[in-house]
1. What is the spin-label model distance, in nm, from residue 156 to residue 111 if the labels are put 7 Å beyond Cα along the C-beta direction?
2. For the stretch 1-95, run through the trypsin sites (Lys or Arg not before Pro) and keep only the ones in DSSP coil with at most 15 other Cβ atoms within 10 Å of their Cβ.
3. According to a simple spin-label model (label point 7 Å from Cα along Cα-to-Cβ), what is the distance in nm between residue 180 and residue 6?
4. Please arrange 112, 107 by how many other C-beta atoms lie within 10 Å of their C-beta, fewest to most.
5. List the longest stretch of the chain that has no exposed loop site; here a site is one of the GluC sites (Glu not before Pro) assigned by DSSP to anything other than H, G, I, E or B, with at most 14 other Cβ within 10 Å.
6. Let a ≥ b ≥ c be the square roots of the eigenvalues of the Cα gyration tensor of the chain; is it rounded (a/c under 1.5), or, if not, prolate (a/b larger than b/c) or oblate?
7. Rounding to the nearest 20 debye, state how big the charge dipole of the chain is about its Cα centre with +1 on each Lys and Arg Cβ and -1 on each Asp and Glu Cβ.
8. How big, on average over all directions, is the shadow cast by the Cα convex hull of the stretch 137-228, in nm²?
Amino acid sequence: MTNPASPRLLVVDDEAGVRSMLTMALEFQGFTVNSAATGRQALQSLTRWAPDLVVLDVNLPDLSGFEVCRLLRERGLTTPVLFLTARHRLDDRVHGLDLGGDDFVTKPFELKEIAARIRALLRRSNGGKRHMAVQRFIVRDVQLDPGSYQVWAAGHPIQLTRTEFELLRYLMENTGRVLTRTQIQQRVWNHRDENSGIVDTYIYYLRRKLGCQRQSIIRTVRGVGYQLCAD
């Protein structure tokens, strides 16, 4: 019997076999699972059922998974999104994350990996809720409020994507400490890929949004990773 207190997942995939396999496997892991075959069904379920996390295929017959995620974020919903995709290009992953996605799993996938990624995203999501009253981080003239998901530079609000925000928060939590690319990937994206340039790409985005006068706040440690500098 499904535990009503267990995390609620919405699995969205147009392939009935994939939906059935994921539903059974995730229910066996203790989750409560609902499913949808199209993007429009997913949006309806998100409104009516309010899942704790969405496992979302990118290639859907009506709206793409990317479009579903964009509409979800435009509605103000912060539900974590784990994309399923056969696309391996970095540009595709960056695009999905920019739209508000939280993580990617490429097909073919291992069921154990899917479950592990889901648990990691739920921990991060629940952790954010538990720390709504955490004091703002302040480094130089950059401020970050974990509770309201807001960032300011020299008193002006800066619009960051969810992933950019999590990256900046991790750097500010560890001000002065050199963080490796692997550490950053594991914390912000919940996985590691030694050949991926996604960390460097998002550091570039973050520096650009903070402004040219503040780019030096994030120092590149060649061959290692990055450091947020207080001085």
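Each reported figure results from applying straightforward, stated rules to the coordinates on display, with no laboratory input. On a predicted model such as this, the values are computed, not experimentally measured, just so you know. Cβ coordinates were reconstructed from backbone atoms using ideal geometry, including for glycine residues, and neighbour counts include every protein chain displayed.
1. 5.3 nm
2. Values: sites: 8, 19, 40, 48, 70, 73, 75, 87, 89, 93; in loops: 75, 87, 89.
Sparse-neighbourhood loop trypsin sites (Lys or Arg not before Pro): 75, 89.
3. Placing both labels 7 Å beyond Cα along the Cβ direction yields 3.6 nm.
4. Working: 112 10, 107 14.
The most exposed by this proxy come first: 112, 107.
5. On the way: sites that count: 15, 110, 194.
In the chain, the maximal stretch lacking such sites is 16-109.
6. Details: a/c = 1.96, a/b = 1.75, b/c = 1.12.
Since a/c reaches 1.5 and a/b is larger than b/c, the shape of the chain is classed as prolate.
7. Numbers: 32 positive and 25 negative charges, 146 e Å.
Its charge dipole is roughly 700 debye.
8. On the way: hull surface 21.9 nm².
Quarter of the Cα hull surface area: 5.5 nm².
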